[in-house]
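Here's the structure, in structure tokens; my notes come after.
The values are calculated or read from the model by the stated rules, or taken from the named source; none is laboratory data. The model shown is predicted, which means the values in this text are computed figures rather than measured ones. Methodologically, a virtual Cβ is constructed for each residue, glycine included, from the backbone with ideal geometry; neighbour enumeration extends over all protein chains shown. SASA here: full protein model, heavy atoms, side chains in, ligands and nucleic acids out. Shrake-Rupley method; radii C 1.70, N 1.55, O 1.52, S 1.80 Å.
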Amino acid sequence: MILLPRSLFGRLTLLLIAVVALAVLASIVLLRVERSNLITRQLSETKIVQLQAIRAALAGTDDPERSETLEELAREYDVSIHPEPDPVVRDQPAGGPFMRELAERLRERLGPDTDVRFAPRRRMLFVRVVAGDTPYWIGVPVPARSPADETPTRALLWLLVTSALLLAAAFLFARYLARPLRELTAAVERVGRGEPASKLPETGPSEIAAVNRGFNAMTANLARIEADRALLLAGVSHDLRTPLARLRLGVELSAPDESLRNGMVADIEEMDRILGQFLDFARGADGGFESAEPDPIVAAAVARYANGGKPVSFAPGGVPALPLKPTALSRLVANLIDNALAYGAPPVEVATARDGTSIRIDVADRGPGIAADEVERLKQPFTRASPARTRADGAAGAGLGLAIVDSIARMHGGRFDLLPREGGGTLARVTLPLR
């Protein structure tokens, strides 16, 4: 079982090749057997006629002329004639089914006293006939090659050509049958990466069509659920921002205690920030792709923090332009910087670099780092960090910042990784392909 191909296409191809190979082998064996039987029958008929002629000649030979007649018949028919008993013939085996069949035919044509012996070493077939009242053993030479070994070259060539055509047809047929499964596999992988999957054709074999219909219905339901979720988040976030703005204005105008007023304003700003994350997550894939250089977009995002006195620096790598959603990329960088400032420790260093056929955007901090078993969990929506990794300001986030980063990275065909930084801290790396 280990030697079997792992894919359905490979197994189907192997099965078809095995069936074609068995069919061709059976054809070759049948051709050889049938041709051997045909040649054997023709040979038998020829030899029977010769034996009848030799027996007739021996029956009319007188004893004084017998020796000369035997020599003459032996030369004429290329046989050897031995009067019975003869030690050369007496102990030879009777042979297999063919010999028994030949003996029966000879008895029918030459009389009941006819017998057959075969001498393998001498390649001679000995037939016992009775001429007059005298029995003789007539030795007939047998060719060194059996008739089965003389299969015509043209027949073998045609079989090989036919086999090649059948194998090619089997390969194409197997590939045709496996194509819908390859398309389904690719679509499932795209859905697993969070990418939109195109609708699969609902034609072809009934089983494949049923699976494709189910997959299309599933992706349609997922898209509808995602759209409903985005609409709900956007609506709730938008509707809550207006009363929050009025509440902040009222607090600033009416609260007599400055420390109380500042605390309430900070709480309102945190709520507004969380609502902003909900809106960002809901908008997700807004805007279209355009060819742009990442460095100016990243530099503009970093400048907003540096100008506000935040310890954030940028080292451009001179990376080339690639298809981007500039607004989404700016949001990605801002979320990574926010996460580094909130959960890490300064300084926050942002850098870009080219790595073969892709570019990297790195945001590094000197915080406590992230445990390896927490990395994938933190990429999920509405997931907060463990108690060991809390925000520097003590506030609770919505758990959407890294989920938005991961979504935007996959939207661009890239990936998002959280890595331990040498010397302590966390390295958030986004890798985007150049295409």
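Full extension of the segment from Arg304 to Leu22, taken as 0.36 nm per residue of separation minus the current Cα-Cα distance, would add 94.1 nm. If you plug the beta carbon distance of Leu419 and Leu31 into 1/(1 + (r/R0)^6) with R0 = 56 Å, you get a FRET efficiency near 0.25.
Label separation (Asp373 vs Leu157): 7.2 nm, computed from points 7 Å beyond Cα along the C-beta direction. Working from label points 7 Å from Cα in the Cα-to-Cβ sense, the Arg175 to Leu434 distance is 3.3 nm. Please work out the FRET efficiency for the pair Ala345 and Asp257, using the Cβ-Cβ distance as r and a Förster radius of 35 Å; give the result to the nearest 0.05. Efficiency for this residue pair is about 0.60.
Extension gain, Ala186-Ala168: 0.36 nm per intervening residue step, less the Cα-Cα distance, totals 3.9 nm.
For region 296-376, the solvent-accessible area works out to 42 Å² per residue, with a probe of 1.4 Å and every protein chain left in place. Ranked by the mean number of other Cβ atoms within 10 Å of their residues, highest first, the peptides 301-307, 371-377, 424-430 come out as 424-430, 301-307, 371-377. Relative to the current alpha-carbon distance between Ala74 and Ala245, full extension at 0.36 nm per residue lengthens the span by 48.8 nm.
Rounded to the nearest Hz, the phi-derived 3J(HN,Hα) couplings of region 167-181 under the Karplus curve 6.51 cos²θ - 1.76 cosθ + 1.60 (θ = phi - 60°) are 5, 5, 5, 5, 4, 5, 5, 5, 5, 5, 5, 7, 4, x, 5, where x marks glycine and proline. Taking amide H positions as modeled 1.01 Å from N, with prolines and chain starts lacking one, the residues under 5 Å from Ala131 and 5 or more places away or on another chain are Tyr136. Projecting label points 7 angstrom from Cα along Cα→Cβ for Arg109 and Arg121 puts them 3.0 nm apart.
Residues Thr219, Thr162, sorted by accessible area with the largest first, give Thr162, Thr219 [1.4 Å probe; ligands and nucleic acids excluded].
3J(HN,Hα) along region 79-84, derived from phi through the Karplus expression 6.51 cos²θ - 1.76 cosθ + 1.60 where θ = phi - 60°, amounts to 9, 10, 10, 10, x, 7 Hz, with x in place of Gly and Pro.
So the label point goes 7 Å from the Cα of Val49 along Cα→C-beta, right? Which residues of region 108-140 then have their backbone N under 19 Å from it? Within reach of a label on Val49, which here means backbone N under 19 Å from a point 7 Å along Cα→Cβ, region 108-140 contributes 108-111, 140.
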